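Asker: Okay, handing you the structure first.
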Amino acid sequence: MQLTPPAFDTVLVVDFGAQYAQLIARRVREAHVYSEIVPHTMPAAEMAARRPAAIIFSGGPKSVHVPGAPDIDPEVYDAGIPVLGICYGAQLLAQQLGGEVARTGRGEYGRTAMEVTAASALFADLPLSQDVWMSHGDSIAAVPAGFRVVASSAEAPVAALEDPDRRIYGVQFHPEVAHTARGQEVLKHFLYDVAGCRPSWTRTSIIEQQVDAVRAQLGGEKVICGLSGGVDSAVAAALVHKAAGDKLTCVFVDTGLMRQGEAEQVEDTFRRQFQVDLVHVKAADRFVDALNDVIDPERKRKIIGETFIRVFEEVARDLKDARFLVQGTLYPDIIESGTKDAARIKSHHNVGGLPEEMDFDLVEPLRNLFKDEVRAVGEELGLPEEIVWRQPFPGPGLAVRIVGTVTPERLEILRAADAIVLQEMRRAGLERELWQSFAVLVAARTVGVMGDERTYAYPIVIRAVTSDDAMTADWARLPYDVLERLSTRIINEVPGVNRVALDITSKPPGTIEWE
Ligand code: XMP
């Protein structure tokens, strides 16, 4: 499957390592120009075959001088395609085109004052003195023939260089980071004024293009989509529904391990608002029975996964004339797995444990979108804010937030406490800022006193973290007044709880979830 939607000008962002490329690709898209990340090993002819409007070289963690430093097929410079090199990318193009990169031993890291020294399309209408974000050890010491220097800083005499005739540009600073205040304008100048890109990648055009693509792929055949309650599956379902109408059947397995109101919200949104054919499987009893007396977290996960598969199989038997299955794969999944051309793969990949022998063709309407674009599309499609901005939620649900046995009573306690956490985070305007915020129910009970009565009941632990990708996380510094409301409300409103504690562990050493 070709990723590039042909209706859009496309910018290729060449990845020289260490995640720099993703941020650049997102900034390009924020300028409403479609971008794709490609490896630096891609031959120039292959890049040119994609007919990009421009190519941007990312930064990278290495020096051009170390053996094995990543480079690029030099024919890329002769393809007539505008090029912008950023940091390592600028040094690489300077070196490959005959300039010189020096190991000065005097790098620049962080906010740096830069002077624009000659008129350049990149800096049109921008102040001559500006603060930029630098992170380099080496410096460009001499520009290649045909190039000129257009900006300098204290330790980077060549902070920007250009050959406007060949439309090849380089900047030593990072225009993609927020610390470079005018960085997005520099990028836009390159995209619009140098490369002539049209700003046509918008939420409405994304929807139109994806709806057309899905319609073409389905060819009028039936398609099913599992809804988890999360943003990705919801947006994927809403998009496919626009393309497939009543050929779409959504399946929502209510495990009884969801947060408060989630099942109702899925019903409300998909059955009532979108009038989607929704199979709502109420399987809470099966999951609780299967979890009876299970304490080990990994066994909980396994049991939940297996029960899910069994339930889904039963539903799928009734829907066996469907040939397609929707998956909410996002662009970062594609970049990370490196499988850009995943053709027909078995459905167990990434679907939260679907049966392996179910052999569907996959429909992946979000496969070229970043998370923020998925949210924008979701808003545009009219999905409720609570779904579009929902925080990540683990597949095994509340079961891995109950330390010890999962019983209907303990689920009820956790669900009620957790709902209060979410309400208060929303009320304090923190929900979108935090990666996750939730309640955990532990196995111990502690003594308390309420009124004249001694109590012996469960504590609830508040877990709230900030994170970019869940690989690392920091505990959130919640305001005292929010903590106070949480404590008072949970103890007053949730029977069975007499104490509230706060988890102040970052990841590592802790994990985000308790199990
Ligand atoms: P941890 O607890 O490992 O979690 O720091 C990292 C992120 O993954 C989510 N998580 C899960 N998601 N199935 C899932 O789909 C799981 O079994 C699972 N366990 C953890 C967690 O919520 C956090 O965002």
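The values are calculated or read from the model by the stated rules, or taken from the named source; none is laboratory data. Remember, predicted model here, so these are calculated numbers, not experimental data. Please note: Cβ atoms are built from the backbone with ideal geometry, for glycine as well, and neighbour counts cover all protein chains shown. Ligands, DNA and RNA are stripped out before the accessible areas are found, and what is left, the full protein with its side chains, is counted by its heavy atoms. Shrake-Rupley method; radii C 1.70, N 1.55, O 1.52, S 1.80 Å.
Asker: Check Val465, Val461, Val494 and return the single one that is under 19 Å from Glu409 (Cα atoms) and within 16 Å of the ligand (Cβ to nearest atom).
Answerer: On the way: Val465 fails: under 19 Å from Glu409 (Cα atoms); Val494 fails: within 16 Å of the ligand (Cβ to nearest atom).
Within the list Val465, Val461, Val494, the selection yields Val461.
Asker: Go through region 269-324 and count every residue that is over 30 Å from Glu385 (Cα atoms), open to solvent by less than 50 Å² (accessible area, probe 1.4 Å), in a loop (DSSP other than H, G, I, E, B) and modelled with pLDDT of 95 or more.
Answerer: The total comes to 2.
Asker: Which residues, taken from region 51-67, are open to solvent by 10 Å² or more (accessible area, probe 1.4 Å) and either under 25 Å from Val177 (Cβ atoms) or at pLDDT 95 or above (or both)? So that I can check it myself, show each step before the final result.
Answerer: Step one: of region 51-67, the residues open to solvent by 10 Å² or more (accessible area, probe 1.4 Å) are 51-53, 60-67.
Matches in region 51-67: Arg51, Pro52, Ala53, Gly60, Pro61, Lys62, Ser63, Val64, His65, Val66.
Asker: Contact list please: Cβ distance under 9 Å, first residue in region 117-133 and open to solvent by 40 Å² or more (accessible area, probe 1.4 Å), second residue in a loop (DSSP other than H, G, I, E, B) and hydrophobic (A, V, I, L, M, F, W, C), pairs at least six apart or on different chains.
Answerer: Thr117/Leu128; Thr117/Ala159; Asp131/Ala181; Trp133/Phe173; Trp133/Val177; Trp133/Ala178
Asker: Now for a different question. Of everything in region 219-261, what is aliphatic (A, V, I, L, M), farther than 30 Å from Ile413 by Cβ and not in a helix (DSSP H, G or I)? Give them in sequence order. Even if it seems obvious, please write down each step before you answer.
Answerer: Residues of region 219-261 aliphatic (A, V, I, L, M): 223-224, 227, 231, 234-240, 243-244, 248, 251, 253, 257-258.
So of that shortlist, the ones also farther than 30 Å from Ile413 by Cβ come out as 223-224, 235-240, 243-244, 248.
Of everything in region 219-261, those that are aliphatic (A, V, I, L, M), farther than 30 Å from Ile413 by Cβ and not in a helix (DSSP H, G or I) turn out to be Val223, Ile224, Leu248.
Asker: Right, another one. It is to be established whether one or more residues within region 413-425 are out of contact with any Asp or Glu (no Cβ under 6 Å at 6 or more places or on another chain) and surrounded by fewer than 15 Cβ atoms within 10 Å (Cβ to Cβ).
Answerer: The initial filter retains those residues of region 413-425 that are out of contact with any Asp or Glu (no Cβ under 6 Å at 6 or more places or on another chain), namely 413-424.
Keeping just the survivors that are surrounded by fewer than 15 Cβ atoms within 10 Å (Cβ to Cβ) gives none.
No.
Asker: Quick check: anything in region 465-478 in a helix (DSSP H, G or I) and open to solvent by 40 Å² or more (accessible area, probe 1.4 Å)?
Answerer: For region 465-478, residues in a helix (DSSP H, G or I) and open to solvent by 40 Å² or more (accessible area, probe 1.4 Å): absent.
Asker: Related question: Looking at Ala145, Ala244, Ala151, which one is buried (at least 17 other Cβ atoms within 10 Å of the Cβ) and either out of contact with any helix residue (DSSP H, G or I) (no Cβ under 6 Å at 6 or more places or on another chain) or of a type in the set (Ser, Thr, Tyr) (or both)? Before you say what the answer is, go through the steps one by one.
Answerer: Working: Ala145 fails: buried (at least 17 other Cβ atoms within 10 Å of the Cβ); Ala244 fails: either out of contact with any helix residue (DSSP H, G or I) (no Cβ under 6 Å at 6 or more places or on another chain) or of a type in the set (Ser, Thr, Tyr) (or both).
One residue alone meets the criteria, Ala151.
Asker: All but one of (1) among the small types (Gly, Ala, Ser); (2) surrounded by 15 or more Cβ atoms within 10 Å (Cβ to Cβ); (3) within 16 Å of the ligand (Cβ to nearest atom) hold for Gly448, so report the exception by its number.
Answerer: Going through (1) among the small types (Gly, Ala, Ser); (2) surrounded by 15 or more Cβ atoms within 10 Å (Cβ to Cβ); (3) within 16 Å of the ligand (Cβ to nearest atom) one by one, Gly448 breaks only (3).
Asker: Moving on. Name the pairs whose Cβ atoms lie under 7 Å apart, with the first residue in region 501-515 and among the β-branched types (Val, Ile, Thr) and in a loop (DSSP other than H, G, I, E, B), the second away from the ligand (no atom under 11 Å from the Cβ) and modelled with pLDDT of 95 or more, and 6 or more positions between them or separate chains?
Answerer: Ile504/Trp475; Thr505/Trp475
Asker: Can I ask one more? Residues to consider are Gln436, Gln423; find the one that is within 14 Å of the ligand (Cβ to nearest atom), polar (S, T, N, Q) and either in the same structural domain as Glu493 (by TED's automatic domain parsing) or on the phi < 0 side of the Ramachandran plot (or both).
Answerer: Details: Gln423 fails: within 14 Å of the ligand (Cβ to nearest atom).
Just a single option satisfies the conditions, and that option is Gln436.
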